[in-house]
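Colleague: Following this message is one structure expressed as structure tokens.
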Amino acid sequence: QGRVHPEAYELFLRGELSVAQGNPTGVDRAVAYYEQALARDPSFAPAHAGLAGAHFAQEFWGTAPAKSNADKVRASVARARALDPNLADAHVMKARVQLNYDWDWAGTEASLKRAIALAPGLTFAYETYCWLLLSQGRRDEAIANARKTVTLDPRSSYMAFTEGRVLHRVRRYK
């Protein structure tokens, strides 16, 4: 990635902060920020990956029907990866497409391993890995990945929530 338009970068950061709020309003606001960032710098790969994540999160939070944003997510992921093949966030979003839309377990795992190799501290890679591992009955690995997210970002309420959801799903209530 070359130089980034400063205003695009600021809008991208606003998108990141908005999506990190972990609520429907923040996610919808993030979409607008990422779109504004891309209007200023269409070659800014992280904003494409962020937009993919925000569109995906709209489905999670119910501000968009399930799978209604699939084409937008796929297009943003493809653009991010074309612009920067080594952008770990784009590989995580590719994994989310493979897991949630395509049910491609092997592809999901390969994308997540690539993301983790590129950015070993990327919490969302481990968080996404939890759901793949649970779908395959790999409970202990899922718990380990959930705990890794909390270790990497101990102040994140979302990562603590993820660990709790994983433990609940494997019936480890304590």
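The values are calculated or read from the model by the stated rules, or taken from the named source; none is laboratory data. For clarity, every value in this text was computed on a predicted model and none was experimentally measured. FYI the Cβ positions are ideal-geometry reconstructions off the backbone, even for glycines, and counts take in every protein chain you see. Side chains are part of the model used for accessible areas, which takes the heavy atoms of the whole protein and leaves out ligands, DNA and RNA. Shrake-Rupley method; radii C 1.70, N 1.55, O 1.52, S 1.80 Å.
Colleague: Search segment 1-23 for residues being of a type in the set (A, V, I, L, M) and open to solvent by 60 Å² or more (accessible area, probe 1.4 Å), and hand back the single one that is nearest to the chain's Cα centre (by Cα).
Modeller: Filtering first and then ranking leaves Ala20.
Colleague: Identify, from the list Lys174, Lys67, the residue that is under 16 Å from the mean Cα position of the chain (by Cα) and of a type outside the set (A, V, I, L, M).
Modeller: Lys67
Colleague: Sort out which residues of segment 125-153 are among the basic types (Lys, Arg) and either within 15 Å of Gly53 (Cβ to Cβ) or in contact (Cβ under 8 Å) with a residue 60 or more places away in the chain (or both), and write them in order of number.
Modeller: none
Colleague: Write out, first by first residue and then by second, each pair whose Cβ atoms fall under 6 Å of each other, whose residues are 6+ apart or on separate chains, and whose first residue, in segment 96-124, is more than 16 Å from Asn145 (Cα to Cα) while the second is of a type outside the set (Ser, Thr, Tyr) and open to solvent by 80 Å² or more (accessible area, probe 1.4 Å).
Modeller: Final answer for the pair search is Val97/Arg74; Leu118/Asn86.
Colleague: Oh, and also: Would you call Glu59 touching a Pro at 6+ places or on another chain (Cβ under 8 Å), without any contact (Cβ under 8 Å) to a residue 24 or more places away in the chain and of a type outside the set (A, V, I, L, M, F, W, C)?
Modeller: Yes.
Colleague: Next question, about the same structure. Which residues, taken from segment 1-43, are out of contact with any Phe, Trp or Tyr (no Cβ under 6 Å at 6 or more places or on another chain) and either basic (Lys, Arg) or not in a helix (DSSP H, G or I) (or both)?
Modeller: Result: Gln1, Gly2, Arg3, His5, Gln21, Asn23, Arg29, Arg40, Asp41, Pro42, Ser43.
Colleague: Got at least one residue in segment 24-41 being closer than 19 Å to Leu118 by Cβ, surrounded by fewer than 23 Cβ atoms within 10 Å (Cβ to Cβ) and of a type in the set (Lys, Arg)?
Modeller: Within segment 24-41 (the criterion being closer than 19 Å to Leu118 by Cβ, surrounded by fewer than 23 Cβ atoms within 10 Å (Cβ to Cβ) and of a type in the set (Lys, Arg)), the answer is no, since none of the residues qualifies.
Colleague: May I pose another question? Tell me yes or no: at least one residue of segment 141-153 is open to solvent by 50 Å² or more (accessible area, probe 1.4 Å), at pLDDT below 95 and in a helix (DSSP H, G or I).
Modeller: No: zero hits.
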